[in-house]
Amino acid sequence: MKELNGVIAACPPSGIRRFFDIAAEMDDVISLGVGEPDFVTPWHVREAGIYALEHGYTTYTSNAGLPRLRELICADLASRYGATYEPDGECLVTTGVSEGLDLTLRVLLNPGDEVIVPEPCYVAYAPCVAFAGGIPVSVPTRWEDGFAVDADVVAAAIGPRTKAILIGSPANPTGAVQPRAALEALVRLAEQHDLYLVSDEIYSRLTYSSGHTCLGTLPGARERTVLLGGFSKAHAMTGWRVGWICAPAPVAELCVRVHQYTMLCAPHVSQLAAVEALSGPDDAVQVMIADYDRRRRVFVKGLREIGLDCPEPEGAFYAFPSIRSSGLDSETFAEQLLRTERVAVVPGSVFGPSGEGHVRCSYATALPLLEEALRRIDRFLRRSAGPR
Amino acid sequence: MTGLPVAEVSEAIATWERSGAIRRYKAVVDWDAVDEDPTSETVTAFIDVSLAPARGVGFDDMAARIARFDEVRSVHLVSGGHDLRCTVTGRTIRAVSDFVSQKLSTIDRVQATATHFVLKTYKRDGDSFTPPEQDHRLPVTP
């Protein structure tokens, strides 16, 4: 047989998969490895989905997505962050941020173009760049800096083929929120070198102390920024697959063009549910956010009490404690913790070299389970610190 | 959890307890889940009561009078076809029926009653008694 696509074949499978396979075979596992809310979609949103099915909204929608949904998305961005995008021409409904990222990179990149990706970061960033024909260029961030992106480090990685910088804030896996000053420095760099900025803001509503800076609102940023967001995290709608792209018209227009030939449209029922998510009451979302915050404080305090240094996670629903005190690398730590204490965490190394020495713990888990997980991790640490 | 110091929260609770804003603490019990002893069964009925109002007090004196019965768990003045909506509990359907026919409907100014026995409780005071929703998430996801 002839060779399959070399870029895809060369891309290693996600390091998360192995832990899924081990955990799936065990009983009584407390999983802190889940990258999605433990809440079910709020009832009024589910009910809108049921209504849509009942009434036969099972067809395609326009390629860009339901006009009403695009209006709501743009109005929400405007009222929350002061970002101004035209529902017609600058906004596109996608099948989750995952599709949004894929479309964006395909539209921005010519073969061999480089994209700077600060790490540790979401596992799909670098592969998506490669699949779009680009070359991902990782730049490190340090937990001593709260994983803030250092513009000097980014500047050093910029070369003649650099086309864009891809950043997620609040971040999976670190829970870090990029300080406004760090983002402003990136915008200045982008202006100097004529780069695009791709900003994954799927966790924008899950910030706890610092608030969210929408990259598209920073001076000089709008014309070169592609904003990605969606409903999965704040509205607990991961399985519905609805997200959006907001971008200057030339970029958005080409995104629609790829989307119309590949995806056609995001699921109609999911779009109608998303309309309800944005137009209906927001109480359920606020309750979820408050609950994540409560768990975050209990869990981070607990991690520190059992001796794991943990940078303050200010967004998303992840803590990214340092496990260096255990003397184990993150892969070994995660595997031994799972096998001996049945707590699933994700080794930080799967999110990039700067994640080594950390594990990602999702606190989107009921409080009693988090407390039990802390007891088990404590026991694990004591045992591994004992005579060897 | 509230972001306030422990002492401040304790003090606030103590203040509300003293002022009566917090009356007391109760357990939320799903009685259908407590099924060992059939003699411990409780029957609940919603009873709508129509009253003749009296000058000066309206329905307040009658509502207070009905609320004094131990069998009566709640009393509300409501709009619509009746005046009061009461919740009444008893050991048996017979006991609740006897209460309505012997005590409630014989009170002066009670003009009519309509009794609705509770067959099953799904939600009460914001607490749901249906099974919690399953966690369908995979154990490890990106």
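None of the figures in this text is laboratory data; all of them are computed from the coordinates on show. Values in this document were obtained by computation on a predicted structure and should not be read as measured data. Heads up, the Cβs are rebuilt from the backbone with ideal geometry, glycines too, and the neighbour counts pull from every protein chain shown.
Here is how the numbers come out for the structure above:
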item	result
Whole-number Å³ per residue for the convex hull built on Cα positions in segment A:113-167	61
Order of A:M263, A:M26, B:M62 under a 10 Å beta carbon neighbour criterion, fewest first	A:M26, A:M263, B:M62
Descending principal axes extents, segment A:54-123, alpha-carbon based, whole Å	45, 31, 24
Square roots of five times the Cα gyration tensor eigenvalues for chain B, Å	36, 25, 15
Hull-based mean projected area of segment A:33-149, where the convex hull spans the alpha carbons, in square nanometres	10.6
Using θ = phi - 60° and Karplus 6.51 cos²θ - 1.76 cosθ + 1.60, couplings along segment A:231-243 (whole Hz; Gly, Pro as x)	10, 4, 8, 5, 9, 6, 10, 3, x, 7, 6, 10, x
Cα-based convex hull volume of the protein assembly as shown per residue, rounded to whole Å³	235
Chain A: antiparallel DSSP beta bridges as a percent of all, rounded to 5	40
Segment A:179-312 shape via C-alpha gyration tensor axes, a/c threshold 1.5	oblate
Cα centroid of segment B:107-134 to Cα centroid of segment A:244-269, whole Å	50
Taking A:S232, A:S279 and counting other C-beta atoms within 10 Å, the order from fewest to most	A:S279, A:S232
Angle between chain A longest axis and helix A:268-279 axis [Cα atoms, degrees, rounded to 10]	80
Kirkwood hydrodynamic radius of segment A:238-388, Cα pairs, Å	18.3
Average projection area in nm² (convex hull over Cα atoms of segment A:141-197, one quarter of hull surface)	3.8
Given A:K163/A:K301; B:K26/B:K120; B:K26/B:K103, the pairs whose alpha carbons are separated by over 30 Å	A:K163/A:K301
Charge dipole magnitude, Cβ of K and R +1, D and E -1 - segment A:58-137, Cα centre, debye nearest 20	180
HN-Hα J in Hz across segment A:199-208 - Karplus 6.51, -1.76, 1.60, θ = phi - 60°, x for Gly and Pro	10, 8, 10, 4, 9, 4, 7, 9, 10, 10
Sequence of A:Y81, B:Y122, A:Y125, A:Y363 once ranked by neighbouring C-beta atoms within 10 Å, starting from the fewest	B:Y122, A:Y81, A:Y125, A:Y363
